[in-house]
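The values are calculated or read from the model by the stated rules, or taken from the named source; none is laboratory data. All of these numbers come straight from a predicted model, not from anything done at the bench. With ideal geometry, Cβ positions are generated from the backbone for all residues, glycine too; neighbour counts draw on all protein chains shown.
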Amino acid sequence: MSLGVLNNIAAVYAENNLNATQSSLQTTLQQLSSGSRINSGADDAAGLSLANGLQANSAALTQSSTNASEGVGLLQVADGALSQVTNLLNRAVTLATEVSNGTLNATQDSAANSEFQSILDEISNIGSTTTYNGQTVFGGSFQIFSGDGTAGGGFADTIKLAALSSAAVGDSTGSGGLVYTPGAGATSTLVYTPVAANSKNLSADNLNTAASAQTALNDIYSAIQDVAAERGYTGSQINTLNAVSNVASTEQTNVTSAENSIMATDYASATSNLSKYEILSQTGISALAQANSTQQLVLKLLQ
């Protein structure tokens, strides 16, 4: 090896290698301290892009599960209200049956009719005052969430329940739908269609006579069937939305696991790399010092 003072190629090589080692050492320390294997696009551009997509998908799935849970909450409130209506109608059956038998006197008939009318008023009150999250449940659309999703499109979740009053127990005013996104590019729709309108107008009924009580009794039985059908359909929708929520939660877990496998630091590998780069850093410093010391030999030749 020739000796010179213009260029110290050995020192240049040693310095370049030392710089590369220091850069790798800093990256490894950042991975260990942050817990993330990818802290910038320079670490793994393709991996970072894939992880960002998975994060967006995870957010969409989380919102989907939340939407389904909100739908379940709404339907449970509706089912509870319908349960109260059923209890009231059952009491109305008792009153109408007593009057239709013709065994009560005029005073008793009047008292029974008064209670019957109070029952009808309470049914109407339940229909108009039952709310969920500040919105009326019956006779209108309930929007759970509206916004833009980053995976699989946007969300526009609406459930519409039938109007509920003593004038139209179990009546249908329309249909609605619940749209949810279980995964990127996979959109499903649940349509809530209330039972067809075939109920009687209970508000026109009375228990003034045995004959009118019999007419009311027939209407009450029809209303009970309508409410039962409504509750049955509501229950099926609750089960469906629970399944939707479970599927979304499972997929969200899988997506999070996939994201974690890309982004999370492998501590066994990173710790091994840390030891390697620390040794290379120390040897690199020694090599650079040795390379620089060779130029001192030129001075000795001139002495």
Residue count, region 104-151, condition loosely packed, with under 12 Cβ neighbours inside 10 Å, at pLDDT below 65 and among the small types (Gly, Ala, Ser), comes to 2
Scope region 104-134; condition in contact with a helix residue (DSSP H, G or I) (Cβ under 9 Å, 6 or more places away or on another chain) and not in a helix (DSSP H, G or I); matching residues | 104, 130, 131, 132, 133
Here the qualifying pairs (Cβ atoms under 8 Å; residues six or more apart or on different chains; first in region 226-243 and closer than 18 Å to residue 84 by Cα; second of a type in the set (Ser, Thr, Tyr) and at pLDDT 90 or above) come out as 227/86; 228/86; 231/83; 231/86
Residue among 74, 50, 32 that is buried (at least 21 other Cβ atoms within 10 Å of the Cβ), in contact (Cβ under 8 Å) with a residue 12 or more places away in the chain and not aromatic (Phe, Trp, Tyr) = 74
Positions within region 100-121 being under 19 Å from residue 223 (Cα atoms) and not small (Gly, Ala, Ser), in sequence order = 113, 115, 116, 117, 119, 120, 121
Does residue 41 satisfy the condition of being free of Cβ contacts under 8 Å to residues at least 12 places away in the same chain, touching a helix residue (DSSP H, G or I) at 6+ places or on another chain (Cβ under 6 Å) and more than 30 Å from residue 236 (Cα to Cα)?
-> yes
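To keep it simple, each residue is scored yes or no on (1) of a type outside the set (S, T, N, Q); (2) buried (at least 16 other Cβ atoms within 10 Å of the Cβ); (3) in a helix (DSSP H, G or I).
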| position | (1), (2), (3) |
| --- | --- |
| 212 | no, yes, yes |
| 235 | yes, no, yes |
| 239 | no, no, yes |
| 248 | yes, yes, yes |
| 253 | no, no, yes |
| 257 | no, no, yes |
